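Q: Got a structure here, written out as structure tokens. Questions coming.
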Amino acid sequence: MSELATPAPGTRALVLGGGGVAGIAWEVGVLSALQNAGVDLDAADLVVGSSAGSVVGAFVRAGQVQAAYDQQHAPLPTSYEEPARIASEDYQERLVQILTGAASEQEARARLGAVAQQVVTGQTDEERIATFSHTLPTTEWPTKPFGVTAIDAVDGTFRVLTAESGVPLSRAVAASCSVPFVWSPVRVDGVPHIDGGMRSATNADVAAGYERVLVIACGPEGPSPLGPWLNVAVEGLRAGGSSVEVVVADSASQHAFGDNSLSLSTQAPASTEGRRQGQTVAEAIAAFWA
């Protein structure tokens, strides 16, 4: 986590977590409801997205949240190939086997990255980058501050890619969305990178130094050897002087994610539940954000 610093007065950060195809849909549902209630989220001094959140963040910065919501109900043609469902129990068991005994969070991420590099099936990174080039509202980085999280699959370094990183936006987003064991890593500057959501599904600690932080999370996070999970990050932000509000997908929303959050069939139900939940919190978030 960043060193504690007194937050700059009046600054705001929007943190968007990972959650697959369903997570993208749910988050744009929540955000569309907030915008309908008058919440100007693009006024954030920082938007940072992990995995699914990197896609949603690009729509926020492009001023196209409503368009993104509409796409969940009338999807555009896509070259996206749905991966086979992986049982969450099997996924977690494999993670435990890989990470047990790691001496540090970075070593744990490097171990994960080494195994992730063994996946060579499915779409190539170039094919997935092309898909994101068609999915995102623009292939250009926004002029306002926007960060996309990813992990160096070789040494486990956690990165926040920005316009200043010199990486094309669609490649940065593809790297952040590269789920280990599901897809092969995406090369950034010639180095394979994996899903930024593996360090934390939200990476909320990136928002340290901002007075108000709004976190949109597709589910609760438990203790992890890979990095500061949500509760730890929020505690750290508040200890540093930030005010933090967290919107976590409720039980009805998580039910809409189904048993495969990477399936396109989740788009309509997850976005609908996201909008419903967004409407229930809109008044409180509007007061917080104003």
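Q: Taking a 1.4 Å probe, which of Val96, Val55, Val206 shows the most accessible area, and what order do the others take after it?
A: Values: Val96 90, Val55 0, Val206 35 Å².
In descending accessible area the options line up as Val96, Val206, Val55.
Q: I would also like to ask the following. So what is the 222 nm mean residue ellipticity for the chain from helices alone, if each DSSP H run of at least 4 adds -39500 (n - 2.57) and you divide by all residues, rounding to the nearest 500 deg cm²/dmol? Let's see the in-between values first.
A: On the way: 10 runs with 118 residues, N = 290.
One gets -12500 deg cm²/dmol as the mean residue ellipticity at 222 nm.
Q: Calculate, for the range 131-290, the solvent-accessible area per residue in square angstrom, rolling a 1.4 angstrom probe over the heavy atoms of the protein chains. Write out the running numbers ahead of the final one.
A: Details: 6070 Å² over 160 residues.
Using a 1.4 Å probe on heavy atoms only, each residue of the range 131-290 averages 38 Å².
Q: For the range 122-269, what does the convex hull of the Cα positions come to per residue, in cubic angstrom?
A: On the way: hull volume 20.4 nm³, N = 148.
Per residue, the Cα convex hull of the range 122-269 comes to 138 Å³.
Q: Using only the Cα atoms of the chain, what are the Rg and Dmax in Å?
A: 17.4, 49
The values are calculated or read from the model by the stated rules, or taken from the named source; none is laboratory data. The structure presented is a predicted model; accordingly, all values stated were derived computationally and were not measured. Note: areas computed on protein heavy atoms with side chains; ligands, DNA, RNA excluded. Shrake-Rupley method; radii C 1.70, N 1.55, O 1.52, S 1.80 Å.
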